[in-house]
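Notes to accompany the following structure.
Here, each number is a calculation from the coordinates, and none is a lab measurement. Note that this is a predicted model, so its numbers are computed, not measured. Glycine also receives a Cβ, built like all others from the backbone with ideal geometry; neighbour counts cover every protein chain displayed.
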Amino acid sequence: MKHRVLFLCTGNSARSQIAEAIVNHERGAAWEAVSAGTEPAARVNPYALRALAEVGIDTAGSTPTHISAFLGQSFDLVITVCDDAAENCPFWPGQGQRVHIGFPDPAKATGTDDTILATFRETRDAIHTQILAAVDNFSS
C-alpha cells in the first residue's frame, strides 16, 4: 500500500505542482502525491513545467486543483510549501502528519526569460532535495 502525500500552497501553480511531480517521478513506487491550493490559478505556471521537463519529468495533464477536492481523503503526510515570511499557508483540517517546508515563490521572479527560468530551476532543485528527504524520513 502506497503512502499518500498532499502538497498545499495558495495558487497550486508552481511549488506544490513541482513537489507533486517530483515525488511521483522519484518515489512513485512508495508514494502517491497530489497537490492543491486555496486559490488555484487558471493553469500551472509554464516555467514550472519547463523546469520539470528539463529533468525528464512528464507533467502532461497537470492542472491546479482546489483544496476542497481532497477533503475527506486520508493522507499520511500533508506538506505546506509556501514561504511563511511572505504568505499565509493553507490550513488542512483533515488527517495526516502536517509539515511545513517553505520555499520562496518563483512566480514572483522578474527579469529576462533566462532569469525567471533560473529561479524556477533553483526552486525545483531545492524542492527535490528537501521534499524527497521529508518523504524518505517519514515514519507513520
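Relative to the longest principal Cα axis of the chain, at what angle does helix 113-136 sit, 0 to 90 degrees, rounded to 10?
Value to nearest ten degrees: 20.
With each pseudo-label sitting 7 Å past Cα toward Cβ, what's the Ala118-Gln130 distance in nm, one decimal?
About 2.1 nm separates the two model spin labels.
Just rank Ser68, Ser62, fewest to most, by other beta-carbon atoms within 10 angstrom. Walk me through the intermediate numbers first.
Values: Ser68 9, Ser62 19.
Sorted ascending by nearby Cβ count, the order is Ser68, Ser62.
Classify the range 4-59 from the C-alpha gyration tensor, please: rounded if a/c falls under 1.5, else prolate or oblate depending on whether a/b exceeds b/c.
oblate
Note the full-extension length gain between Phe138 and His100 as 0.36 nm times their separation in residues minus their Cα-Cα distance, in nm to one decimal.
Once the chain is fully extended between Phe138 and His100, it gains 12.3 nm.
Could you order the peptides 1-8, 19-26 from most to least packed, using the average number of other C-beta atoms within 10 Å per residue?
Averaged packing, sorted descending, gives the order 19-26, 1-8.
Taking a ≥ b ≥ c as the square roots of the Cα gyration tensor eigenvalues, with a/c under 1.5 meaning rounded and otherwise prolate when a/b beats b/c, else oblate, which class fits the range 20-109?
oblate
Apply 1/(1 + (r/R0)^6) to the Cβ-Cβ distance of Glu39 and Ala109, taking R0 = 22 Å, and write down the FRET efficiency to the nearest 0.05.
Working: r = 20 Å, r/R0 = 0.89.
With R0 = 22 Å, the Cβ-Cβ based efficiency is 0.65.
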